[in-house]
1. Please enumerate the residues belonging to the stretch 60-111 that are surrounded by 23 or more Cβ atoms within 10 Å (Cβ to Cβ) and either assigned to a loop (DSSP other than H, G, I, E, B) or among the aromatic types (Phe, Trp, Tyr) (or both).
2. Considering ASP251, ASP211, which residue is in contact with a strand residue (DSSP E or B) (Cβ under 9 Å, 6 or more places away or on another chain), of a type outside the set (A, V, I, L, M) and within 18 Å of GLU161 (Cβ to Cβ)?
3. Is one or more of the residues making up the stretch 168-181 of a type outside the set (A, V, I, L, M, F, W, C) and touching a Ser or Thr at 6+ places or on another chain (Cβ under 7 Å)?
4. Can you tell me how many residues within the stretch 240-253 are over 14 Å from ARG185 (Cα atoms) and open to solvent by less than 80 Å² (accessible area, probe 1.4 Å)?
5. Of the numbered conditions (1) under 16 Å from LEU350 (Cβ atoms); (2) at pLDDT 95 or above; (3) not in a strand (DSSP E or B), PRO22 fails exactly one; give the number of that condition.
6. Of (1) part of a loop (DSSP other than H, G, I, E, B); (2) open to solvent by 10 Å² or more (accessible area, probe 1.4 Å); (3) within 27 Å of ALA309 (Cα to Cα); (4) out of contact with any strand residue (DSSP E or B) (no Cβ under 7 Å at 6 or more places or on another chain), GLY229 satisfies all except one. Which?
7. Filter the stretch 287-305 down to residues that are touching a Phe, Trp or Tyr at 6+ places or on another chain (Cβ under 7 Å) and either open to solvent by 40 Å² or more (accessible area, probe 1.4 Å) or in a strand (DSSP E or B) (or both) and give me whichever is nearest to GLY205 (Cα to Cα).
8. Quickly run through the stretch 127-143 and pick out the residues that are not aromatic (Phe, Trp, Tyr) and not in a loop (DSSP other than H, G, I, E, B).
Amino acid sequence: MWPAVVLAAWLGAGPAALAKLPVESVRVPPGFHVEVLTDAMPAAREMALSPAGILYVGSRAGKVYTMSLQTPDAPIHVVASGLQLPVGVAWRDGNLYVSAVSRVLRLDGIDSRLGNPPDPVIVNDKLPTETHHGWKFIAFGPDGKLYVPVGAPCHICRPDENRYANLMRMNADGSRLELVARGIRNTVGFDWHPSTHELWFTDNGRDLMGDDVPDDELNRITKPNPHFGYPFCHAGDIPDPEFGAGHPCSDYTPPAARLGAHVAALGMRFYTGSSFPPEYRNNVLIAEHGSWNRSSKVGYRVVRVVLDAAGNVTKQEPFAQGWLQGERAWGRPADVLVAPDGSLLVSDDLADAVYRIHYTGK
């Protein structure tokens, strides 16, 4: 189960008192249940699945982990190590793509080589080297291209927007790197709507403007080369105190939804499974990593965002919460992923865990 040393320090209790409390403290809607798949993936971040049911998990610990979802008590393998913040993973045509700050790497034929992984092949090594917002969530789009964000190399500044604070894409071989969208402070999660194929993404708002502004954003790309406002405008209508003068917010694409200030919205996916109730179909599920410097903590949960047929947000509500107890957090959700059986996987880089949330109706 959970690392007894970590949880005993948090609770002031011995191992016997810890056996079930962490999972039971995660509250989900009636009929849903939470279980721990593993707590042996330090600093677990983005997840990707191969068609064979092999789960790959990037991390901020320099390693990429894997386990089979098809095998009970499957062993954990390390398929790459010694990398710089290999947070992002994406599976395509038998190969695993891994982001490592300035580089995108590829592990060829990985499903059949978990115990003897190949050396990484460099796909692209021309991305910025800064580590401030330098870790990258990556994913292949419906167009077959690999989408790679480049965060702002600072808390708040005015960088070259053709190089930073944007979302880019490239061919699977690393060629033809091009801009998709600008004015994005730092996205660590994106997905494509199952019906319209529009790209949606989370974006982390800036700090040091108070506890309640600006909101993190859920954004939607509906036209070529949009600009989402950073560093001039935040959350659609909040001019930046340093860079906002002369840059009206009306010049930029507003968010599809405001998610709350400092919640640290990271991984997001559309729910495309069939085991949840029908009203969850095509909902957005977002991992909120949680605030780091707010006077009272917020986030540390998974949020459900409901859209209407036109793609307008009609409702936001917590889906899974309880990693934050008062002002102390024992877990920090980092990514979500729909499993082949329709359950939802949630990674947690504080508890080094991956959870499974499934629905039974009971």
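1. TYR65, PRO86, VAL87, GLY88, TYR97
2. On the way: ASP211 fails: within 18 Å of GLU161 (Cβ to Cβ).
Criteria check complete, one pass: ASP251.
3. Here is the first cut: in the stretch 168-181, the ones of a type outside the set (A, V, I, L, M, F, W, C) are 169, 171, 173-176, 178.
Checking which are touching a Ser or Thr at 6+ places or on another chain (Cβ under 7 Å) leaves us with none.
No.
4. Our first condition is that a residue be over 14 Å from ARG185 (Cα atoms); within the stretch 240-253, this holds for 241-242, 244-251.
Pick out the ones that are also open to solvent by less than 80 Å² (accessible area, probe 1.4 Å) and you get 244, 246-249.
Adding up the residues that qualify gives 5.
5. It is condition (2) that PRO22 fails.
6. Just one mismatch for GLY229, condition (2).
7. We begin by selecting, within the stretch 287-305, every residue touching a Phe, Trp or Tyr at 6+ places or on another chain (Cβ under 7 Å); these are 288, 290, 300-304.
After this cut, where a residue has to be either open to solvent by 40 Å² or more (accessible area, probe 1.4 Å) or in a strand (DSSP E or B) (or both) as well, the list is 288, 301-304.
Working: GLU288: 13, ARG301: 17, VAL302: 18, VAL303: 17, ARG304: 19 Å.
Ranking the candidates gives GLU288 first.
8. To start, the set of residues in the stretch 127-143 that are not aromatic (Phe, Trp, Tyr) comprises 127-134, 136, 138-139, 141-143.
Matches in the stretch 127-143: ALA139 only.
The values are calculated or read from the model by the stated rules, or taken from the named source; none is laboratory data. All of these numbers come straight from a predicted model, not from anything done at the bench. All Cβ positions, even for glycine, are placed from backbone atoms using ideal geometry, and neighbour counts span all protein chains on display. All accessible areas refer to the heavy atoms of the entire protein, side chains included, with ligands and DNA or RNA removed. Shrake-Rupley method; radii C 1.70, N 1.55, O 1.52, S 1.80 Å.
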